[in-house]
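Peer 1: Pasting a structure below so you can have a look.
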Amino acid sequence: VLRLDPTGGVGRWAATVRASEEACLLLDADGRVVALSAPAADLLDLRPDAATGALLAEQLSFVDFSLAALPTPEASGDIPPLRALRSGGLARGLVRRRRTSGALTTYDVVGVALAGRTGALAFLVEV
């Protein structure tokens, strides 16, 4: 039987995420980055020290899937880990962003809410 700590597992998951060889990240209930793995930091062009504590949506430039790749700041609240937090379950989807280099990148992202919706764990892969 897995027993979660009183914070719903956010504290317990942080060390696991940081040590992971998979591209994953952990958000708190407000969508702030609690931890991210080195592969996720590389994939998302984020520095872990700068990203930790910041809203993920403010760290990445999300764009739509049109040819023009228009900014979609309102869509940043609809990324899978935040949808998982709202639903209390799993969420999966594609997200597209403009990298710091200007290149467009699409990711397949799976998010799952932690117990009590105290945070969300997300795994991502570039497609």
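Peer 1: Which condition number does Ser101 fail, the rest of (1) of a type in the set (S, T, N, Q); (2) surrounded by fewer than 21 Cβ atoms within 10 Å (Cβ to Cβ); (3) touching an Asp or Glu at 6+ places or on another chain (Cβ under 9 Å); (4) modelled with pLDDT of 95 or more being met?
Peer 2: (4)
Peer 1: With respect to Val125, determine if the residue is modelled with pLDDT of 95 or more, out of contact with any Ser or Thr (no Cβ under 9 Å at 6 or more places or on another chain) and within 19 Å of Val10 (Cβ to Cβ).
Peer 2: Values: modelled with pLDDT of 95 or more: yes; out of contact with any Ser or Thr (no Cβ under 9 Å at 6 or more places or on another chain): yes; within 19 Å of Val10 (Cβ to Cβ): no.
Answer is no for this residue.
Peer 1: Among Ala122, Ala84, Ala91, which is the only one that is in a helix (DSSP H, G or I) and surrounded by 14 or more Cβ atoms within 10 Å (Cβ to Cβ)?
Peer 2: Values: Ala122 fails: in a helix (DSSP H, G or I); Ala91 fails: in a helix (DSSP H, G or I).
Just one listed residue meets the conditions, Ala84.
Peer 1: Hey, among the residues in region 48-72 that are closer than 19 Å to Ser101 by Cα and part of a helix (DSSP H, G or I), which one's farthest from the chain's Cα centre (by Cα)?
Peer 2: Top of the filtered list is Ala50.
Peer 1: Checking Pro39 against (1) open to solvent by less than 20 Å² (accessible area, probe 1.4 Å); (2) within 15 Å of Val17 (Cβ to Cβ), only one condition comes out false. Which one?
Peer 2: Unmet condition: (1).
Peer 1: Find the residue count for region 60-81, including only residues that are touching a Leu at 6+ places or on another chain (Cβ under 9 Å) and surrounded by 17 or more Cβ atoms within 10 Å (Cβ to Cβ). Write out each step before concluding.
Peer 2: Quick first cut of region 60-81, residues touching a Leu at 6+ places or on another chain (Cβ under 9 Å) only: 60, 63-65, 69, 76, 79-81.
Imposing the further condition that a residue be surrounded by 17 or more Cβ atoms within 10 Å (Cβ to Cβ) reduces the set to 60, 63, 76, 79-81.
Qualifying residue count, region 60-81: 6.
The values are calculated or read from the model by the stated rules, or taken from the named source; none is laboratory data. Predicted model, so just to flag it, every value in this text is computed and none were measured. We place every Cβ from the backbone using ideal geometry, glycine too, and count neighbours over all the protein chains shown. Note: accessible area is taken over every heavy atom of the protein model, side chains too, but ligands, DNA and RNA are not part of it. Shrake-Rupley method; radii C 1.70, N 1.55, O 1.52, S 1.80 Å.
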